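Right, one structure below, let's go through it.
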Amino acid sequence: MAATRRQAREWAIQMLTAADLNPPGDIGQFMASFWEELSSLDSEEGRASPKGEMKDFAEARVAGVLANQKEIDEILVPLLAKWDLYRLGTIERVVLRMGIWEMKWSDVPKPVVINEAIDLANWFSTPKSRTLINAVLDKYAKG
């Protein structure tokens, strides 16, 4: 089965969550370890394997967010109004970071970024996360 951009974003969120909880020293080694572990699990379960364009798509998001995290966080803090960035759940924080990165540094249309971010938050967190993700990313898109 071929991987999709949705699957690649899910992989990116998984890596970004791990990096948020335990910041890697070497991003390349960090991603290589993730792919190795994922490949062993996926081959057992018959899921899409990370390779080619979709692997590159996921890695671009992870590397981009980690390289620009300080700037992304500076963008996010005012958008959160009365919330502190570190009061957010880890999933919400990394989904927002990736959403900001995609809107600022990729060619993905803003409505697509927002929709994908909402779906990712809903999948990895709770349905209540959708509202926060939508509000923050929409505010950034309109700003």
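In the chain, if the dipole is taken from +1 on Lys/Arg beta carbons and -1 on Asp/Glu beta carbons about the Cα centre, which of VAL65, ASN115, MET54 is farthest to the positive end?
About the Cα centre, the residue reaching furthest to the positive side is ASN115.
State the number of lysine pairs found in the stretch 5-142 whose Cα atoms come within less than 26 Å, restricting to pairs 8 or more positions apart or on distinct chains.
Pairs that pass both the separation and distance tests number 23.
Hey, what D do you get for the stretch 69-143 in µm²/s if you plug the Kirkwood alpha-carbon radius into Stokes-Einstein at 10 °C and 1.306 mPa s?
Diffusion coefficient, whole number: 132 µm²/s.
Let me know the whole percent of all Cα-Cα pairs from the chain that are separated by more than 18 Å.
Cα-Cα pairs in the chain separated by more than 18 Å: 54 percent.
To the nearest Å, what is the center-to-center distance of the stretch 1-28 and the stretch 65-124, using C-alpha atoms only?
Centre-to-centre (Cα) distance: 14 Å.
Based on Cβ point charges of +1 for Lys and Arg and -1 for Asp and Glu, what charge dipole magnitude is obtained for the stretch 5-142 about its Cα centre, in debye rounded to the nearest 20?
660 debye
Using helices alone, I'd like the mean residue ellipticity at 222 nm for the chain: each DSSP H run of four-plus residues gives -39500 (n - 2.57), total over residue count, nearest 500.
-25000 deg cm²/dmol
For the chain, take the longest principal axis of its alpha carbons; what is the angle in degrees between that and the long axis of helix 90-105, to the nearest 10 within 0 to 90?
Taking the Cα atoms of the chain, the angle to 90-105 is about 90 degrees.
When only Cα pairs under 8 Å and 6 or more residues apart are kept, what is the percent relative contact order across the stretch 43-143?
Reported relative contact order: 24 percent.
Laboratory data are not the source of any read-out in this text; all were calculated from the coordinates shown. The model shown is predicted, which means the values in this text are computed figures rather than measured ones. Because the Cβ atoms are built from the backbone with ideal geometry, glycine has one as well, and the counts that use them run over all protein chains shown.
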